[in-house]
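Read through the structure below, which is laid out as structure tokens, and then see the notes.
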Amino acid sequence: MKRIKLFSFLLAFMLTVGVYAQPGKVKNVAKSVFTLTTFSKDGSIKASCRGVFIDNQGTALAPFAPFVGADSATVVDVNGEAMPVDYIMGADENYDVIKFKVDHASKGAEISAQESPAGSTIWIVAYSNQKPDIKSTKVTRIEKFHTSYNYYVAGYSAQDTDYGCPVVNGSGQVIGLLKSIDANNISIIDAQYINALKVNALTSQTLTQTGIRTGLPDTEKDAITTMFLARSQRSKKDNYKYAHEFIEKFPSSSQGYKSLAELYVSDSLFNDADKEMQLGIKKAAQKDEAHSNYSALIYNTSIYHPKDYKEWTLAKALEEATTAYQIKPDPAYKHQQAQIIYAQGQYQKAYDMFKELTKTSLNNGELWYECAQCKTQLKAPNQEIKVLLDSAVNVSSKTGMAAPYYLARGHFFDVNKQYRPAIKDYYAYDSLSHTLDPAFFYMRYQCEINAKMWQQALLDIARACYLNPKEPVYLANWASLDLRVNRLDEAISTATQCTKLAPEYAEGYLLLGLAQIAKKQKTEGLQNLEKAKSLGDSRAQGYIDKNK
């Protein structure tokens, strides 16, 4: 009887050895496993999976899919401590893997540098805040991807809660993350590949599927690009994080201090901005650039918010730009000085500086345009201004950057009632810029009206209305032109649309009334003229008297 009991015990032990006979180092990995939960913008749970820390600085690996459409994410470690995901360090949607950072020190597992061959025993380490939950299996086969990385397949019936669990070898080193294939097999993505993932300026933009920010790339140039693009794509909170991260990564670059100071200015924290820029001057390797950045920030604040920070004046901006030029005689810094001098109202001095700069390597359309602006302020003859604008167009045409100067010259012709040359330049600008600005088409429409180019004017006012269908002024002008060229049905239709869009806009009713009267709909027309009168249009009574 004792022999039978002993045999039964041995049999039970053999059946469970795959589950419980793990090396001690495998058990230790359980301390590095966490649960990841992602959330939508409204705070509702998006998805959940497992993952693993791979160092003691909060670097983690997990599946990518839960991040798609998520606005934030939180990990909970085996001690029950929750911590938000700070930023993404790299990701690959195709292999469903991501590397990210939490701002917290956690126990990390070691990544294996060696392949686990087919037939070798591996362990799946699940998340548990109690006794380590570990299961063993064997590698069935290995496939290579990206030349040197391993895609493991193993026989194991995975549960949904195993998704993203680390898979380790007998030394307790992580070989990859678990990804289920079917009921009887799993795939494991090489941890070395996930750990090698990085972000650059391009991948930072492709990871827009998630609201969680990426980290900055490792190269300064890419990091600057990412930080710049983030201004229009990420929250201010994220932009502050980018600025601080940049300073930490590139402490001798002036760009991080500049970015942080600009954020402070946007929040009216001018003292903080000033301290940051001075710190940048102290720490930056390129002192000239730091002084120039300081000058630019002071200049912009002085121009657009002159009363917000009295310590920042145009004189101080000029002093900083001059210091930059003294450190490094770059024409760009002389240009910066000239712009400040122009803003001070010293137009002749600014003109002389701009003109002198056209003889340097900086020569471009902007300098010639600025010369023209100086001459305009000095009340110079139109011919002098035109010659300078011609030079702006000609010089910039060589570099393919002529569009804004065609627009500037066109506007110059327009205000001087030279409508045909103005229209020619406006069309050149349109062709080069492919603009979708309704205000431009409205401006060109007005010029075409003055030139009596009715067909072109109709096309442009129609474009303006198409691009901004909520602007009643555009609709009223369209109706007015339709009425002028005797397109009465179109005038009635457009004016009616205008009154529906803006019921309190008198112009729409006035034009509708006139179009209806011209169409022999006198009763309705007079009613609309009365409506225009009631809304304050002083012209309406004269038209009413004329058509009674």
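For the stretch 43-197, state what percent of all Cα-Cα pairs lands in each successive 10 Å bin, counting from 0 Å until the bin that includes the largest distance.
11, 44, 36, 9, 0
Which of the following values of Rg/Rh (Cα atoms, Kirkwood Rh) was calculated from the structure shown: (i) 1.01; (ii) 1.17; (iii) 1.05?
(ii)
Straight-line reach from Lys424: which aspartates and glutamates have Cα under 13 Å away, leaving out those fewer than 8 places along the same chain?
Partners within reach: Asp414, Glu448.
Rounded to the nearest 5, what % of DSSP beta bridges with both residues in the chain are antiparallel? Provide the component values of the computation, followed by the final result.
Details: 54 of 56 bridges.
That works out to approximately 95 percent antiparallel.
The stretch 33-89: Rg/Rh from Cα coordinates, Kirkwood Rh?
Using Cα coordinates only, the ratio equals 0.94.
For the stretch 291-369, report the % of Cα-Cα distances exceeding 21 Å. It would help to have the intermediate numbers written out before the result.
Details: 796 of 3081 pairs.
Tail fraction, whole percent: 26.
Rg and Dmax of the stretch 445-528, Cα atoms, in Å?
12.2, 35
Using the structure shown, list the pairs from Lys107/Lys249; Lys349/Lys398; Lys334/Lys355; Lys355/Lys386; Lys519/Lys546 with a Cα-Cα distance above 21 Å, or answer none.
Long pairs (Cα-Cα over 21 Å): Lys107/Lys249; Lys349/Lys398.
What order do Asp537, Asp437 take when sorted by accessible area (1.4 Å probe), most exposed first?
Highest to lowest solvent-accessible surface, that is Asp437, Asp537.
Using a 1.4 Å probe on the protein chains only, how many percent of the accessible area of the chain belongs to carbon and sulfur?
52
For the stretch 106-152, which trypsin sites (Lys or Arg not before Pro) are in a loop by DSSP, counting at most 16 other Cβ atoms within 10 Å?
Those that pass, being in a loop and sparsely packed, are Lys107.
For the chain, what is the accessible area per residue in Å² when the probe is 1.4 Å? List each step's numbers first, then the result.
Numbers: 27750 Å² over 548 residues.
Spelled out: the 1.4 Å probe surface of the chain, per residue, equals 51 Å².
The values are calculated or read from the model by the stated rules, or taken from the named source; none is laboratory data. As the structure is a computational prediction, the values presented were derived from the model and not from experiment. Ideal geometry is used to build each Cβ from the backbone, glycine not excepted, and the neighbour counts take in all protein chains shown. Ligands, DNA and RNA are stripped out before the accessible areas are found, and what is left, the full protein with its side chains, is counted by its heavy atoms. Shrake-Rupley method; radii C 1.70, N 1.55, O 1.52, S 1.80 Å.
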